[in-house]
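**Q** I'd like to ask some things about the structure below.
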Amino acid sequence: MKNKPTTEQPSNYNNLEKMSTLELLSNINTEDKAVPNAIENVIPSIEKLVDIIYTKMHEGGRLFYIGAGTSGRLGVLDASECPPTYGVSDDWVIGLIAGGDLALRKAVENAEDDVNLAWKDLSAYNISDKDVLVGIAASGTTPYVIGGLEKARQYNIATGCIVCNENSPVSQVADYPIEIVVGPEFVTGSTRMKAGTAQKLVLNMITTSVMIKLGRVKGNKMVHMQLSNNKLVNRGILMLMDELHIDQNSASILLEKYKSVKNALDNYKHKSI
């Protein structure tokens, strides 16, 4: 058992099927509590990756994620949330999953085992040394991710990774590896659990920090968010009311006129609207 990677180690619990609902939930929660501590241990590694991503994106580069299965889905999710949250174009943070969009809902047989597929996917976006590529793989052994990172390094593209085992093959081909060792899963080998949670939290940290550094947040507010539904419009109105100390009607008029919180703040004059 000792020679197995951490993500494949046996669960700390046995006879799961004999546990009550309360026992199952409590024990899963106990395991989940280990995740933030594991992330805290690697914050210096996350910092290095964030700084290189910020530098590249500040100079006009892009951020790419590649992964398979749960890891790939988490990358696509993080990328897809950047445009509505921070008002950036949808080609600035790009998530790619082995097997394409179909794999977001259904497993695509053998897609993650193709060592050449990631570079083919990346080439469609004309990835270059202006960009950063981050591979996401809980096990740290996914051929799709390894192949993509190896090829990227040949073209002097900065590379990072988010894995949950130490000294993995993926880490060895990344310039900025992040290794979050969260321990065995509650269900042995089910890395959608603690490993997936850890990866999601780190992805949140990366893009949130980068977007703040790029000026996409003012104070603590998403002033560049897309006003794509009533909830976000109402949030924008409340932001303007709070920032400018104006009433709801005035804030609504401003937002309608300038189409974004940031534009409204930049153009507001302290006079009757």
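Nothing in this text is a laboratory measurement; each read-out follows from the coordinates by a stated rule. Keep in mind it's a predicted model, so treat the numbers as computed, not measured. Here the Cβ positions follow ideal geometry from the backbone for every residue, glycine too, while neighbour counts run over all protein chains shown.
**Q** For the chain, what ratio Rg/Rh do Cα atoms give with a Kirkwood hydrodynamic radius?
**A** Value, to two decimals: 1.05.
**Q** Same structure again: Please arrange Asp266, Asp78, Asp32 by counting, for each residue, the other beta carbons lying within 10 Å of its beta carbon, fewest first.
**A** Going from least to most buried by this count: Asp266, Asp32, Asp78.
**Q** Give me Trp92, Trp119 sorted ascending by neighbouring Cβ count inside 10 Å, so fewest comes first.
**A** Trp92, Trp119
**Q** Once you've got the Cα coordinates, tell me which of Lys56/Lys221; Lys130/Lys221; Lys33/Lys218 are over 26 Å apart.
**A** Violating the 26 Å limit, Cα to Cα: Lys130/Lys221; Lys33/Lys218.
**Q** Please work out how much length the chain gains when fully extended from Asn249 to Lys231, using 0.36 nm per residue of separation minus the C-alpha to C-alpha distance, in nm with one decimal.
**A** Separation in residues times 0.36 nm, less the Cα-Cα distance, equals 4.8 nm.
**Q** Something else now. Quick one: Lys33, Lys259, fewest Cβ neighbours within 10 Å first, how do they rank?
**A** Ordered by Cβ neighbours within 10 Å, fewest first: Lys33, Lys259.
**Q** Considering only DSSP beta bridges where both residues belong to the chain, give the percentage that are antiparallel (nearest 5).
**A** Taking every DSSP beta bridge with both residues in the chain, the antiparallel ones total about 5 percent.
**Q** Between Asn167 and Arg153, what length in nm is gained on full extension when 0.36 nm per residue of separation is reduced by their alpha carbon distance?
**A** So the chain would gain 3.2 nm between Asn167 and Arg153.
**Q** Put a dot 7 Å past each Cα toward the Cβ at Gln9 and Glu59; how far apart are the dots in nm?
**A** Going by the 7 Å Cα→Cβ label model, 4.0 nm.
**Q** A further question on this structure: Suppose R0 equals 30 Å. What FRET efficiency, 1/(1 + (r/R0)^6) with r the Cβ-Cβ distance, do Ser20 and Asp242 give to the nearest 0.05?
**A** Efficiency, rounded to the nearest 0.05: 0.05.
**Q** I need to check one value: relative contact order of segment 126-177, counting alpha carbon pairs closer than 8 Å and at least 6 residues apart, in percent.
**A** Averaging sequence separation for qualifying contacts and normalising by length gives 41 percent for segment 126-177.
**Q** Are there trypsin sites (Lys or Arg not before Pro) in segment 38-120 that DSSP puts in a loop and that have at most 10 other Cβ atoms within 10 Å, and which ones?
**A** Arg105, Lys106
**Q** Can you list the lysines whose alpha carbon is less than 17 Å from that of Lys257, not counting same-chain residues fewer than 8 positions off?
**A** Lys269, Lys271
**Q** Which whole-number percent gives the relative contact order of segment 223-269, counting Cα pairs below 8 Å spaced six or more residues apart?
**A** Across segment 223-269, relative contact order equals 41 percent.
**Q** Show which aspartates and glutamates lie in cross-link reach of Lys194 when reach means a straight Cα distance below 20 angstrom and same-chain residues fewer than eight apart are skipped.
**A** Glu8, Glu17, Glu23, Glu31, Asp32, Glu40, Asp78, Glu166, Glu179, Glu185
**Q** How high is the FRET efficiency from Thr141 to Lys213, r the C-beta distance, R0 35 Å, rounded to 0.05?
**A** 0.60
**Q** Which whole-number percent gives the relative contact order of the chain, counting Cα pairs below 8 Å spaced six or more residues apart?
**A** Contact order relative to length: 22 percent.
**Q** A follow-up question, please. Could you pull out every one of the lysines with an alpha carbon less than 17 Å from that of Lys120, ignoring same-chain neighbours closer than 8 positions?
**A** Those lysines meeting the cut-off are Lys151.
**Q** Here's something else I'd like to know. Search the structure for amide H atoms under 5 Å from the amide H of Gly160, placed 1.01 Å from N in the peptide plane, and list their residues when 5 or more places away or on another chain.
**A** Amide H to amide H, under 5 Å and 5 or more residues apart or across chains, Gly160 pairs with Leu133, Val134, Gly135, Asp175, Tyr176.
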